């Protein structure tokens with residue numbers, strides 16, 4: 001039963017339903033599982049690989065969002081627009 005539940009909780013990055021929030025939530029689940037220390041080696045490797053894919057997915061989403069952000073500033077009563085820079 002637990003194995004079935006784990007499969008249902010898994011979201012593949014290729015899924016059309018995956019968004020940043022779901023990917024981050026799944027990544028948090030994976031971290032909790034790995035930190036528990038109760039994961040067999042084969043499953044640990046699968047979870048680690050899934051985590052790597054989710055990290056890439058989230059980083060891509062964040063990079064895309066940063067590229068779209070425009071900073072608006074008011075200087076001397078005039079609005080200026082510039083790209084977001086960390």
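Derivation of every value follows stated rules applied to the coordinates shown; laboratory data play no part. Just so it is clear, the model here is predicted, and its values are computed rather than measured. Glycine also receives a Cβ, built like all others from the backbone with ideal geometry; neighbour counts cover every protein chain displayed.
Numbers below:
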quantity: Extension gain, residue 36 back to residue 53 (0.36 nm per residue minus Cα-Cα distance, nm); calculated: 4.0 nm
quantity: Taking N as its residue count, the alpha carbon Rg of region 14-86 over 2.2 N^0.38 Å; calculated: 1.66
quantity: Residue exposure sequence - 69, 39, 31 - by fewest surrounding Cβ within 10 Å; calculated: 69, 31, 39
quantity: Mean Cβ neighbour count within 10 Å, used as a protection proxy, ranking 72-80, 19-27 highest first; calculated: 19-27, 72-80
